[in-house]
Amino acid sequence: MHAGARPALALLLATTAAPALANEPRTASFDAERQIEAIRTLDDAGPQLNAVIVYDADAATKAGADTVVGTPLQGRTVLVKDNVETAEWPTTAGSLALADNATGRDAPMIALLRARGGVVLGKTNLSEWANIRSNNSTSGWSAVGGLTKNPYAIDRNSCGSSSGSGAAIAAGFAWAAIGTETNGSITCPASINGLVGFKPSVGIVSRTHVVPISSTQDTAGPMTRTVHDAALLLTAIAGPDAADPVTLEAKRVADYTAGLDAASLKGVRIGVLRGAVGEREDVKALFETALADLARAGAVLVDVDYSPPGELWPAALPVLMFELREEMDKYLSARPVEGGPRSLADLVAFNRENAAAEMRWFGQDLFEQALETTDAEAYAKNLATLRRLTRAEGIDRLLADNKVAFLVAPTTGPAWSTDLVNGDNFGGGIGAGYLAAIAGYPHITVPMGGVEGLPIGLSIMGGQWQDHEVLKAGAAYEKARTAKLPVPTFERWKPAGE
């Protein structure tokens, strides 16, 4: 540990529990001061989580300003994944190619966040380029931010690509964080870091001024400690944007926190995706406990038989590759910044020229594949296949045929040991979040317990624009949950009892 660093767990408890004095009212300014202290002690020093790239040392003053009193967020602090533009700092997507990408503008969701009383505390590290550069990447690593560590076990992975957002909130660095997802990039790090993560229907939140991957799957969403906080942050950042036409089609509600306290599962039919539970007995046991909690809360559980059809995966990657090339070219060419890359081809050239810094651990095979994926007719056919298989013949059919309101499964397995040499080690065949991701439908993960001190989440998925209903289901489960949740150790993992 660096000199002067305090015991990490004690600081976390001081940060996230009670005010310093019993008779001292807790305020947004108080919280921000403790959060900045936690960043300095646990991110800059101590275990050096590398979750935060940059932060505003004056955030406590802003959190206590008169301008935020009476607003929906009332000065609550929010960390922002560093592929979302904020006016204060460069937006790098973790790459040295965008180290000078200071656009001086807020993404529309950030403008809404500020208008509704949120304080942007800083930017979080991420899997570089949101994990779309290579099949062999290590989640949580970027050339700009280094390797994000998991607060529950610092030698374990934080998943990605919203790795820093997940680790930061687990460590008590802010009230909430904004992550982004194309396929699992909110829900996986939320599950593995013991958080609530909500991936909204695509179109609920604007994607303008967000470094893109996919026009059909990208969305931002909240990563928080509770379902209520996720709903509150979603309320703040949701809204239409003429520059992002899909947002004009969205069916929103004015307040996603409405009805959460009274949310009930009594009589609600819930589809159980048994085929997405995997083979781990410990995860199966946790899931069975969660199902028992749902049943005690009044839910009617219905086993749902589903496995992905053979056509799905051959269509999925070509769609992302085609959209990546198109969307990245649009974003880079329109940046109001002198110099730097203007196309995906420029990024590929930059990485080759800076291979020692950028490609020591993994290459750019997906970037190169995207450059070659130019057949618009094949793209249209593949996209139609994906929409059919994940919507009409996927979630829509599963809900309708089984007469259920939601689908549930474990989100993913426990965090794996980080290995920069060999890359990520996803395993176990656990989870079905890809269905909601590809369909563009809502998906929440809520903590349901732990395996050997490592968090595991419960996924709840619903139909398009059923975001409020999914949030209410998550809140009802959260109240009914009986499992004990693990806590961060800020140390290397060791077996329980040792």
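Applying the set (1) among the basic types (Lys, Arg); (2) under 28 Å from residue 247 (Cβ atoms); (3) in a helix (DSSP H, G or I) to residue 34 leaves exactly one unmet item: (2).
Quick one: which of 261, 329, 293 is out of contact with any strand residue (DSSP E or B) (no Cβ under 7 Å at 6 or more places or on another chain), in a helix (DSSP H, G or I), closer than 16 Å to residue 478 by Cβ and in contact (Cβ under 8 Å) with a residue 12 or more places away in the chain?
On inspection, the qualifying residue turns out to be 293.
Just one of the listed residues (484, 479, 472) is open to solvent by 10 Å² or more (accessible area, probe 1.4 Å), of a type in the set (Lys, Arg) and free of Cβ contacts under 8 Å to residues at least 60 places away in the same chain, namely 484.
Restricting 122, 64, 118 to those that are of a type outside the set (Ser, Thr, Tyr), buried (at least 24 other Cβ atoms within 10 Å of the Cβ), out of contact with any Phe, Trp or Tyr (no Cβ under 7 Å at 6 or more places or on another chain) and over 26 Å from residue 324 (Cα atoms) reduces the list to 118. Whenever a residue of the range 29-52 is of a type in the set (S, T, N, Q), its partners that are open to solvent by 20 Å² or more (accessible area, probe 1.4 Å) and assigned to a strand (DSSP E or B), lying with C-beta atoms within less than 7 angstrom and at least six residues away or across chains, give the pairs 50/146; 50/147. Taken over the range 125-143, the residue count meeting the criterion of being in contact with a Pro (Cβ under 9 Å, 6 or more places away or on another chain) and surrounded by fewer than 23 Cβ atoms within 10 Å (Cβ to Cβ) is 0.
Just one of (1) within 30 Å of residue 92 (Cα to Cα); (2) crowded, with 17+ Cβ neighbours inside 10 Å; (3) of a type in the set (D, E, K, R); (4) touching a helix residue (DSSP H, G or I) at 6+ places or on another chain (Cβ under 6 Å) fails for residue 293. It is (1).
Flag set for residue 305, criterion: at pLDDT 95 or above, over 15 Å from residue 461 (Cα atoms) and open to solvent by 10 Å² or more (accessible area, probe 1.4 Å). Among residues of the range 169-191 that are at negative phi and basic (Lys, Arg), none has a Cβ under 8 angstrom from a residue that is in a helix (DSSP H, G or I) and surrounded by fewer than 24 Cβ atoms within 10 Å (Cβ to Cβ) at a sequence gap of 6+ or on a separate chain.
Can you say whether residue 460 is in contact with a His (Cβ under 8 Å, 6 or more places away or on another chain), hydrophobic (A, V, I, L, M, F, W, C), over 17 Å from residue 259 (Cα atoms) and not in a helix (DSSP H, G or I), as far as the supplied structure shows? Please lay out each step first, then the result.
Working: in contact with a His (Cβ under 8 Å, 6 or more places away or on another chain): yes; hydrophobic (A, V, I, L, M, F, W, C): yes; over 17 Å from residue 259 (Cα atoms): yes; not in a helix (DSSP H, G or I): yes.
Answer is yes for this residue.
The values are calculated or read from the model by the stated rules, or taken from the named source; none is laboratory data. As the structure is a computational prediction, the values presented were derived from the model and not from experiment. Reconstructed Cβ throughout: ideal geometry from the backbone, glycine too, with neighbour counts over all protein chains shown. What goes into the accessible areas is simple: the full protein's heavy atoms, side chains included, and nothing from ligands, DNA or RNA. Shrake-Rupley method; radii C 1.70, N 1.55, O 1.52, S 1.80 Å.
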